[in-house]
1. Taking the options Leu58, Leu79, name whichever one is touching a strand residue (DSSP E or B) at 6+ places or on another chain (Cβ under 9 Å) and surrounded by 12 or more Cβ atoms within 10 Å (Cβ to Cβ).
2. Taking the range 30-55 as the search range and keeping residues that are of a type in the set (S, T, N, Q) and farther than 20 Å from Leu124 by Cβ, which one is surrounded by the fewest Cβ atoms within 10 Å (Cβ to Cβ)?
3. Would you point out which residue out of Val144, Val104, Val122 is modelled with pLDDT of 90 or more and surrounded by fewer than 16 Cβ atoms within 10 Å (Cβ to Cβ)?
4. Tally the residues that are touching a Leu at 6+ places or on another chain (Cβ under 9 Å) and aliphatic (A, V, I, L, M), restricting the search to the range 43-78.
5. Given (1) basic (Lys, Arg); (2) under 24 Å from the mean Cα position of the chain (by Cα); (3) farther than 24 Å from Gly128 by Cα, identify the lone condition not met by Arg52.
6. I'd like to verify a number: residues in the range 54-93 that are over 16 Å from Leu18 (Cβ atoms), in contact (Cβ under 8 Å) with a residue 24 or more places away in the chain and of a type in the set (A, V, I, L, M, F, W, C), how many?
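The values are calculated or read from the model by the stated rules, or taken from the named source; none is laboratory data. None of the values given here were measured: they were computed from a predicted structure. Virtual Cβ from ideal backbone geometry, glycine too; neighbours counted across all protein chains shown.
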Amino acid sequence: MSHPTGPAFDDQPVSVRLQLAAAWTSVMFVYVYVDILNFFTPGTVADILDGRVFEFDLSQVFSTSALLLMSVPSCMVVLSTVLPARVARTTNLIAAGLFVPVTVFNLAGESWLWFYGLGVAVELVILGLILRLAWAWPRARAAVAQRSAGTVTAAR
């Protein structure tokens, strides 16, 4: 069908798994870019060179904890695509739900509220999208129809 601006584009549906993986990737990018751009905040590099990040001493425990924390979105990119649907849905709901307070905590004690506030707001919008996508995960219509018709066969 022809539209006033030309032919319609083929709008391919994107699976919820791919949408979730893309959203987690976006969370990681925003988080990383805020951290990188933070190096340009006056005093940040000096504090790091003095062995402090925010209110924490730089140590193996701090670095390992930070790595563990940021491994969550990294793993969620993969887990959203490989876990069985029910497990992936639950895992996304839990991980995104737990990441909301972590994200809000990043505002604590910051003096550059416009900068950090925007970063946190973008992350929260994406986390909200993840929660919405996982919550509204489509049900298997064919299986439901077969069950209601009584034609489901035993899995082998």
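1. Leu58
2. Per the criteria, the residue is Thr41.
3. Val104
4. So the count comes out to 4.
5. Of the numbered conditions (1) basic (Lys, Arg); (2) under 24 Å from the mean Cα position of the chain (by Cα); (3) farther than 24 Å from Gly128 by Cα, the odd one out for Arg52 is (2).
6. Of the residues in the range 54-93, 5 are over 16 Å from Leu18 (Cβ atoms), in contact (Cβ under 8 Å) with a residue 24 or more places away in the chain and of a type in the set (A, V, I, L, M, F, W, C).
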